[in-house]
Amino acid sequence: MGRLLATISQTEDLCSLFQHTQQLLTASAGPRRAQASLVDCVMWISWWLWPLVAICAGDRFRDEAERIMRGTPVIDGHNDLPWQLLTRFNNQLQVEAANLTSLTHTHTNIPKLKAGFVGGQFWSAYTPCDTQNKDAVKRTLEQIDVIHRMCQMYPETFVCVTNSTGIRQAFQEGKIASLVGVEGGHSIDSSLGVLRTLYHLGMRYMTLTHSCNTPWADNWLVDTGEDKGESQGLSPFGQRVVKEMNRLGVIIDLAHVSVSTMKDALSLSKAPVLFSHSSAYSLCQHRRNVPDDVLQLVNQTGSLVMVNFYNDYVSCKKEATLSQVADHLDHIKKVAGAGAVGFGGDFDGVSRLPLGLEDVSKYPDLVAELLRRQWTEAEVRGVLANNLLRVFEAVERVSDHTQTPEEEPISLDKLQDSCRTNYGYSEAPSFHHQPRVLLASLTTVLLGLCLL
């Protein structure tokens, strides 16, 4: 017993303690009764040491995760910090409480991002569905603006980039590559011109719908029966939106859309698409998640599903765990391939997060869990960043700014006209845009001349 206690007190490596107990068992000698007593004692201490052994093993995976993440940091597909900046501070970044180095009551701030080895982030330029047909474009511009001002105000931490090369450069500089993702097709107000303008302002993905239909695409609530299908997927104008996104080099995001819209876009797009923050429907039957038949299309098209951490999409309950998030990653990997998996945490956009993934600092713990599940280093680097970079680079290769832009506008009858004018359409109240009125007027004049 004295030898065992001496060993415990002198050993710095907790992970070797269990081995020492086994050695003591082997080396024990003397009367059988004394030997049995020693065995019982050692076995009791071995039982006590098992949690320490587990901790040591966990530390080993955590250390390995951090090593990998120093070379390949996280690119997360969706973070709603800009929405928090709007709702809490009206986008006034110079307010003392809005300081991103000390921001509280959010899942995201600069220290947490650094602790989580986040090296790339698609920041969500989000405006709610109740802005549709009202001030959606204005609100979207303001959210893009606040993302740009984050980069300007914290240049030592953030760098706004618009391409895959910029992400890699940010990695080398130890900064967080910051990209704009517009969450909801209502943000373009059914205008190809607005789509192009948002691209020029830095938008590099657009979610085709949020939780509402646009006049040209159906959202996920159609699959629950809460919304009525209007386009049965993508309308003809919606197809033109997808083609124009391909031409520009904007990634098509299918989070929030209906299954029919998913399949239409996957079939039509010439480039891979992504689900910026969605999980696996087979593990949690929530219609925001991706069903297996769609995951098979993801595999066939080289596309990407960035797993959402929201409890309701992970466990279909109010509570969830880090391990259950890893289950979703495992499932998507199994069905769609290791190249089809990414992280889309939805931090600061959800009210409930899994135990162990409470904020953006926890990514290393999730990576450690994947290593514990025997994901290879290459697969881990893929889920961290390389899968997204592959998709982004493929989108860039497909883009062609020399190609003629899509120009045909949406039909006027598809638009709600309560807050809009009709300039450019034949029905607009402009004389030279109404040929039938012009013809009728000329006929009246000619008849009058004939009667003279």
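So how strong a dipole does the range 64-218 carry about its Cα centre when Lys and Arg Cβ are +1 and Asp and Glu Cβ are -1, to the nearest 20 debye?
The calculated dipole for the range 64-218 is roughly 300 debye.
How many nm separate the modelled label positions at Thr101 and Arg168, each set 7 Å beyond the Cα in the direction of the Cβ?
3.2
Where Rh is the Kirkwood radius over the Cα pairs of the range 171-287, the temperature 4 °C and the viscosity 1.567 mPa s, what D in µm²/s does Stokes-Einstein return?
Answer from the Stokes-Einstein relation: 89 µm²/s.
Give me the three principal axis extents of the range 257-411 from the C-alpha atoms, as integers in angstrom, largest value leading.
If we take the Cα atoms of the range 257-411, the spans are 50, 35, 28 Å.
Could you give the length gained by full extension between Gln416 and Asp59, i.e. 0.36 nm per residue of separation minus their alpha carbon distance, to one decimal place?
Here the segment from Gln416 to Asp59 would lengthen by 122.8 nm.
Let's see if you can work this out: charge +1 on each Lys and Arg Cβ, -1 on each Asp and Glu Cβ, no other charges. What is the dipole magnitude of the range 307-352 about its Cα centre, in debye to the nearest 20?
With Lys and Arg at +1 and Asp and Glu at -1, about 120 debye.
Residue-wise, which Karplus ³J(HN,Hα) couplings in Hz belong to the range 59-66, taking 6.51 cos²θ - 1.76 cosθ + 1.60, θ = phi - 60°, and x for glycine or proline?
Result, rounded to whole Hz: 4, 4, 5, 5, 4, 5, 4, 5.
Rounded to two decimals, what is the ratio between the C-alpha radius of gyration of the range 231-277 and 2.2 N^0.38 Å?
Relative to the 2.2 N^0.38 Å estimate, the range 231-277 comes out at 1.02.
Taking a probe of 1.4 Å, how large is the accessible area per residue of the range 289-385, in Å²?
33
Report the accessible area of Asp293, computed with a 1.4 Å probe over the heavy atoms of all protein chains in place, in Å² rounded to the nearest 10.
70
Using the Karplus curve 6.51 cos²θ - 1.76 cosθ + 1.60 with θ = phi - 60°, what ³J(HN,Hα) values do you get for each residue of the range 403-410, in whole Hz, with x for Gly and Pro?
6, 5, x, 5, 10, 5, x, 5
Could you pull out every residue, at least 5 positions away or on a different chain, whose amide H is within less than 5 Å of the one on Ile251? Hs are placed 1.01 Å off N in the peptide plane, and Pro or chain starts have none.
For Ile251, whose amide H was placed from the backbone, the distant partners under 5 Å are Tyr205, Met206.
Amide H to amide H, which residues 5 or more places from Thr321 or on other chains are under 5 Å from it, using H placed in the peptide plane?
Distant-sequence amide H within range of Thr321: Leu355.
Can you work out the Karplus-derived ³J(HN,Hα) for every residue in the range 115-131? Use 6.51 cos²θ - 1.76 cosθ + 1.60 with θ = phi - 60°, whole Hz, and x for glycine or proline.
5, x, 6, 7, x, x, 9, 7, 7, 7, 8, 10, 9, x, 5, 6, 8
For Ala280, list long-range residues whose amide hydrogen, built 1.01 Å from N in the peptide plane, is under 5 Å from its own amide hydrogen.
When sequence neighbours closer than 5 places are left aside, the close amide H contacts are Val290.
The values are calculated or read from the model by the stated rules, or taken from the named source; none is laboratory data. Everything numeric in this text was worked out from a predicted model, so none of it was measured. Neighbour counts run over all protein chains shown; Cβ positions are idealised from the backbone, glycine included. Each accessible area value is taken on the protein alone, full model and side chains, heavy atoms only, with ligands, DNA and RNA left out. Shrake-Rupley method; radii C 1.70, N 1.55, O 1.52, S 1.80 Å.
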